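Everything on this sheet refers to the single structure shown next.
The values are calculated or read from the model by the stated rules, or taken from the named source; none is laboratory data. Note that the coordinates shown come from a computational prediction; the quantities given were computed from them, not determined experimentally. Glycine also receives a Cβ, built like all others from the backbone with ideal geometry; neighbour counts cover every protein chain displayed.
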Amino acid sequence: MKIVAADVIVSSPDRNFVTLKITTDEGLTGLGDATLNGRELSVASYLRDHVAPLLMGRDAHRIEDTWQFLYRSAYWRRGPVTMAAIAAVDVALWDILAKAAGMPLYQLLGGASRTGIMAYGHASGRDIPELFDSIRRHLDEGFRSIRVQTSVPGINAVYGVAAQPSATGQRYDYEPAQRTPLPAEEDWDTRAYLRHLPTVFEAVRAEFGPELPLLHDGHHRMTPIQAAKLGKALEPYDLFWLEDCTPAENQEALRLVRQHTTTPLAIGEVFNTVWDYQTLIREQLIDYVRSAVTHTGGITAMRKLLDFAAQYQIKSGIHGPTDISPVGMAAALHLDLAIHNFGIQEYMKHTPLANEVFRQSFTFTDGYLHPGDQPGLGVELDEEAAARFPYEPAYLPFNRLKDGTVHDW
Ligand code: EZ4
Ligand code: CO
């Protein structure tokens, strides 16, 4: 079965998505998600200009060989653009292989290791009453695990707070990339955040009781000692995880955090290879791997990364915000269902417009996701609908401290 076409579809139904469609001489097609939030066109070009011509005539069955060929023949290794492009090819080939076999992809990955995939939703509020309403809404929707993000007194705009007005004046609504010609500027004050956040978790625990799994995302904004202090302060509230507490390009920083706190740590949504985790996993400095299937070389590479993590009782927490398209989400769900060391899956619902472009068959019932039993990934792309929503420039915001210094966002 030979590859005869590889088309890149850029579409913006409420937000930008880059999708790769591979077609074989037997008429089978497979989809891969190549979306890199705020840098979409670079991956589209990498695929269109440098990868698609190399795929013509290749045997669609040879997924591992194609992965190694794209990784090693590029010579320049790793990086978000390269690894997102390789991921898109990898996932599209798995989609084709599973369709050829007439099976849902998870069956080819070893079959289901569980009946459903525990998902967490994103609750947020500018103050405690708004946060409580948001948590209740998520519980009503079926979520059984909740990420908690709030505004901080003295800071104008904080990552992850849906109701705060965005740079374009609309609600932020869980989509931090904004359709502005320049990245929006937000502000940050770590000391104010460290003072405020434990009071929020104290209130949430008092209201919702001890059982509900609660998560929080620090979004790379702390130094190691600040992260250690926060982890320690949050221990009484029994978090499921504290995510991205430091910018973990410096893996050794996590040693310091780990020495001071038993709050479980999750890291890695901005990483793209197993090499970014070597120290973190081998020294057991984290508890959950946050990579996206779509940014980390696809199913093939994520499987190897998670198998490595499994030797150290480290579990998956696959990235699943709205900038992962329904194609990328489906890839995550098939892997989640098959692996043994599944932890939790992030899940943010896509907008109705995005669901018009991507027809999905995965389900969400009583807090659990399931990829469904369609052959392949179970997602179809409506190309006519996609063509109605051309690319629109959109950027993630960035932070400045009170004195004007650029800070991690
Ligand atoms: O900010 O995917 O845990 N989830 C996150 C996300 C990221 C976005 C960036 O594109 O941190 O909301
Ligand atoms: Co995150």
Find all pairs meeting these conditions: Cβ atoms under 8 angstrom apart; at least six residues apart or on different chains; first residue within the stretch 377-390 and on the phi > 0 side of the Ramachandran plot; second residue crowded, with 19+ Cβ neighbours inside 10 Å and part of a loop (DSSP other than H, G, I, E, B).
G378/F362; G378/P371
Six or more apart or on different chains, Cβ under 7 Å: which pairs go from a residue in the stretch 252-276 that's at positive phi to one that's within 16 Å of ligand 1 (Cβ to nearest atom) and part of a strand (DSSP E or B)? Could you list them?
G268/V289
I'd like to check something: does the stretch 371-389 contain any residue that is closer than 28 Å to L214 by Cβ and touching a helix residue (DSSP H, G or I) at 6+ places or on another chain (Cβ under 7 Å)?
yes
The helices (runs of 4 or more DSSP H) lying entirely within the stretch 1-110 that contain at least 3 residues which are of a type in the set (A, V, I, L, M, F, W, C) and under 18 Å from the mean Cα position of the chain (by Cα) are 80-101
Do you know which of the residues in the stretch 201-228 that are closer than 17 Å to A248 by Cβ and away from ligand 2 (no atom under 16 Å from the Cβ) is surrounded by the most Cβ atoms within 10 Å (Cβ to Cβ)?
A228
Go through I96, I22, I3 for me and flag whichever is closer than 30 Å to K349 by Cα, touching a Leu at 6+ places or on another chain (Cβ under 6 Å) and among the β-branched types (V, I, T).
I96
Are any of the residues in the stretch 306-314 within 15 Å of ligand 1 (Cβ to nearest atom) and among the β-branched types (V, I, T)?
no
Does the stretch 206-249 hold any residues that are among the polar types (S, T, N, Q) and more than 16 Å from ligand 1 (Cβ to nearest atom), and which are they?
T223, Q226
Leading residue by the ranking (farthest from ligand 1 (Cβ to nearest atom)) among those in the stretch 250-286 that are closer than 22 Å to G320 by Cβ and of a type in the set (D, E, K, R)
D276
Subset of the stretch 133-170 (residues that are closer than 24 Å to D189 by Cα, surrounded by 14 or more Cβ atoms within 10 Å (Cβ to Cβ) and more than 16 Å from ligand 2 (Cβ to nearest atom)):
S151, V152, I155, A157, A163, Q164, S166, A167
Just one listed residue, out of V89, V4, V18, is in contact with a helix residue (DSSP H, G or I) (Cβ under 6 Å, 6 or more places away or on another chain) and β-branched (V, I, T), and it is V18
Counting just the residues of the stretch 1-27 that are more than 30 Å from R179 (Cβ to Cβ) and of a type in the set (G, A, S), which one comes out surrounded by the most Cβ atoms within 10 Å (Cβ to Cβ)?
A5
Residue count, the stretch 295-307, condition away from ligand 2 (no atom under 16 Å from the Cβ) and in contact with a helix residue (DSSP H, G or I) (Cβ under 6 Å, 6 or more places away or on another chain), comes to 6
Just to be sure I understand the filter: pairs with C-beta atoms under 6 Å, separated by 6 or more residues or on different chains, first member in the stretch 85-111 and among the basic types (K, R), second member surrounded by fewer than 20 Cβ atoms within 10 Å (Cβ to Cβ). Which pairs pass?
K99/L28; K99/P375
Could you check V43 against (1) on the phi < 0 side of the Ramachandran plot; (2) surrounded by fewer than 17 Cβ atoms within 10 Å (Cβ to Cβ) and say which number it fails?
(2)
What about G404, is it at pLDDT 95 or above, away from ligand 1 (no atom under 16 Å from the Cβ), at positive phi and surrounded by fewer than 13 Cβ atoms within 10 Å (Cβ to Cβ)?
yes
Given the conditions (1) away from ligand 1 (no atom under 16 Å from the Cβ); (2) among the small types (G, A, S); (3) under 18 Å from the mean Cα position of the chain (by Cα), which single one is not true for G343?
(1)
Scan I324, I318 and give me the residue that is of a type in the set (V, I, T), within 14 Å of ligand 1 (Cβ to nearest atom), buried (at least 24 other Cβ atoms within 10 Å of the Cβ) and within 21 Å of T115 (Cβ to Cβ).
I318
Give the stretch 287-303 a look and list any residue that's part of a helix (DSSP H, G or I) and more than 14 Å from ligand 1 (Cβ to nearest atom), or say none.
G298, I299, T300, A301, M302, R303
With respect to Q313, determine if the residue is of a type in the set (S, T, N, Q), surrounded by fewer than 24 Cβ atoms within 10 Å (Cβ to Cβ) and at negative phi.
no
Before we move on, is A292 within 16 Å of ligand 2 (Cβ to nearest atom) and in contact with a helix residue (DSSP H, G or I) (Cβ under 8 Å, 6 or more places away or on another chain)?
yes
Starting from the stretch 339-363, keep only residues that are surrounded by 21 or more Cβ atoms within 10 Å (Cβ to Cβ), then list their pairs with residues that are basic (K, R) and not in a loop (DSSP other than H, G, I, E, B) whose Cβ atoms are within a distance under 7 Å, requiring at least 6 positions of separation or different chains.
G343/K315
